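Structure, as structure tokens:
The values are calculated or read from the model by the stated rules, or taken from the named source; none is laboratory data. These numbers come from a predicted model, not from an experiment. Cβ coordinates were reconstructed from backbone atoms using ideal geometry, including for glycine residues, and neighbour counts include every protein chain displayed.
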Amino acid sequence: MACTKCNTSNNTCGCKDTPVAVPFVPQCPPDPLFPDPSPCSETILDTCVKHRPNYTIFNALNSLGFTGLEITPDTTLEQVYQMLSLNVWDATCPCPTDLHLSYLGTTAVVFNWSDVLSLGNTYRLEISTTSDFQGGTVSEIPDLTGGSLTVQNLTAGITYYAKLISVCNGNDGSTTATIAFTTNS
């Protein structure tokens, strides 16, 4: 059975997660934070729902007990989903709720996020080939500022897991949802 709203017959994942196989006319305004040349989006209850196919949120909905997360009128559904999937939450040292890949290649990726920390605080990106960040290949990139990072020298065709940790006054604070992605082969 085809997903008629998304113009595809691929049923391996949900209709909102499948890229469109034919030229697409967006049903809702494009999201400038997440440009995508072939988005799959639909309007649900007057909200533009768009999922980028180059990563998934791992261990989703593991932060249902956290309090103090603020949802504002401009919060996207993707950000809400990431809020519900945070690994650690500390209101005094928040983390972004929009960690995503803007580029996925064979040996490199570009991470983007909204910079939410005050001056003097930093982020640390952790990338691993295991979801628990304990075994396999684990890399830490400390002292990050701003909202973008290019990571190179990855292995083609390998699944990686990544999370961003906010560091305030030298101490770990909140940790984003873990995202999983597989480099192109």
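When the residues of region 106-130 are filtered to those that are of a type outside the set (A, V, I, L, M, F, W, C) and surrounded by fewer than 15 Cβ atoms within 10 Å (Cβ to Cβ), which remaining residue is farthest from residue 179 (Cα to Cα)? Break it down into steps so the answer makes sense when it comes.
Initially, region 106-130 is screened for residues of a type outside the set (A, V, I, L, M, F, W, C), giving 106-107, 112, 114-115, 118, 120-124, 126, 128-130.
Still in the list and also surrounded by fewer than 15 Cβ atoms within 10 Å (Cβ to Cβ): 106-107, 114-115, 118, 120, 130.
Details: 106: 17, 107: 17, 114: 16, 115: 18, 118: 24, 120: 26, 130: 12 Å.
Here the residue is 120.
Could you tell me whether residue 107 is of a type in the set (Ser, Thr, Tyr) and within 19 Å of residue 95 (Cβ to Cβ)?
no
Any idea which of (1) outside any strand (DSSP E or B); (2) in contact (Cβ under 8 Å) with a residue 12 or more places away in the chain; (3) of a type in the set (D, E, K, R) is the one residue 126 doesn't satisfy?
All conditions are met except number (1).
Give me a count of the residues in region 154-179 that are within 12 Å of residue 85 (Cα to Cα) and either under 11 Å from the mean Cα position of the chain (by Cα) or not assigned by TED's automatic domain parsing to the domain that holds residue 82 (or both).
5
If I filter region 83-99 down to residues being closer than 11 Å to residue 172 by Cβ and crowded, with 20+ Cβ neighbours inside 10 Å, which single residue comes out as nearest to the chain's Cα centre (by Cα)?
Step one: of region 83-99, the residues closer than 11 Å to residue 172 by Cβ are 87-88, 90, 93, 95.
When the remaining residues are screened for being crowded, with 20+ Cβ neighbours inside 10 Å, the result is 93, 95.
Working: 93: 19, 95: 12 Å.
Among residues in region 83-99 that are closer than 11 Å to residue 172 by Cβ and crowded, with 20+ Cβ neighbours inside 10 Å, the one nearest to the chain's Cα centre (by Cα) is 95.
For every residue, the table says whether it meets (1) outside the structural domain of residue 155 (by TED's automatic domain parsing); (2) of a type in the set (A, V, I, L, M); (3) free of Cβ contacts under 8 Å to residues at least 60 places away in the same chain.
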position: 70; (1), (2), (3): no, no, yes
position: 73; (1), (2), (3): no, no, yes
position: 77; (1), (2), (3): no, yes, yes
position: 90; (1), (2), (3): no, no, no
position: 99; (1), (2), (3): no, yes, no
position: 103; (1), (2), (3): no, no, yes
position: 106; (1), (2), (3): no, no, no
position: 109; (1), (2), (3): no, yes, no
position: 115; (1), (2), (3): no, no, yes
